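Reviewing the structure listed below.
The values are calculated or read from the model by the stated rules, or taken from the named source; none is laboratory data. These numbers were taken from a predicted model, which means no experiment stands behind them. Every residue, glycine as well, gets a Cβ built from its backbone with ideal geometry; the counts of neighbours run over all protein chains shown.
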């Protein structure tokens, strides 16, 4: 009787309906090469569009079987993107000087992976939003512009998140 109850219990656990989400490979098996053109920029912040394709390429090479190619005609798929919005606003103020001592920036971007031969959209993510915070020194003699390192950090974060979203189908 115990054996029967154990088997029934194990069978019910296996059929409970839970499964790991995001394991479906949404990229067709025919895609082996990806082309990443320069990203469009609808903002006044230029540096992020320079960093993104490099960091995304690096992430694809490090984590996937896909090769990054330099010409669209050599690619099985094309990953296009644009920076739709870039906002910066102070979040902490120095009480002595009333100047901002911490800043938050929010970047919104759009990305689409398209199969080149058919034009079929494999993956699209409009309104992909990322936040990054950085400090601002209130003392002029030790001031260091932290915005460029913050852009580097958010670019790497975007690359990791975007490649994960493409691979895992989220």
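Being in contact (Cβ under 8 Å) with a residue 40 or more places away in the chain and within 16 Å of residue 110 (Cβ to Cβ) is the filter here, so list the residues in segment 28-45 that pass it.
The answer is 36, 37, 39, 40, 41, 42, 43, 45.
Only one of these conditions is not met by residue 117: (1) modelled with pLDDT under 90; (2) over 18 Å from residue 58 (Cα atoms). Which number is it?
Checking residue 117 against (1) modelled with pLDDT under 90; (2) over 18 Å from residue 58 (Cα atoms), the one that fails is (1).
Need at least 3 residues that are more than 18 Å from the chain's Cα centre (by Cα) per element, so show me which strands (runs of 3 or more DSSP E) inside segment 64-170 make the cut, counting only ones lying wholly within it.
77-93, 100-115
Within segment 46-63, can one find any residue that is outside any helix (DSSP H, G or I) and either in contact (Cβ under 8 Å) with a residue 24 or more places away in the chain or within 19 Å of residue 28 (Cα to Cα) (or both)?
Within segment 46-63, none of the residues are outside any helix (DSSP H, G or I) and either in contact (Cβ under 8 Å) with a residue 24 or more places away in the chain or within 19 Å of residue 28 (Cα to Cα) (or both).
Of the residues 102, 77, 96, 150, which is buried (at least 17 other Cβ atoms within 10 Å of the Cβ), in contact (Cβ under 8 Å) with a residue 24 or more places away in the chain and farther than 30 Å from residue 32 by Cβ?
Checking each option against the conditions leaves just 150.
Give the residue, chosen from 69, 88, 103, 61, that is within 18 Å of residue 42 (Cβ to Cβ) and either in contact with a strand residue (DSSP E or B) (Cβ under 8 Å, 6 or more places away or on another chain) or at pLDDT below 85 (or both).
Details: 69 fails: within 18 Å of residue 42 (Cβ to Cβ); 103 fails: within 18 Å of residue 42 (Cβ to Cβ); 61 fails: within 18 Å of residue 42 (Cβ to Cβ).
The match here is 88.
Read through the list (1) assigned to a loop (DSSP other than H, G, I, E, B); (2) within 19 Å of residue 155 (Cα to Cα); (3) at pLDDT 90 or above, then give the number of the only condition that residue 31 fails.
All conditions are met except number (2).
Mind checking which residues of segment 32-56 are closer than 20 Å to residue 163 by Cβ and surrounded by fewer than 16 Cβ atoms within 10 Å (Cβ to Cβ)?
32, 33, 37, 38, 40, 50, 54, listed by residue number.
I want to confirm something. Restricting to segment 106-125 and keeping residues that are touching a residue at least 40 places away in the same chain (Cβ under 8 Å) and farther than 16 Å from residue 52 by Cα, which single residue is surrounded by the fewest Cβ atoms within 10 Å (Cβ to Cβ)?
This residue is 117.
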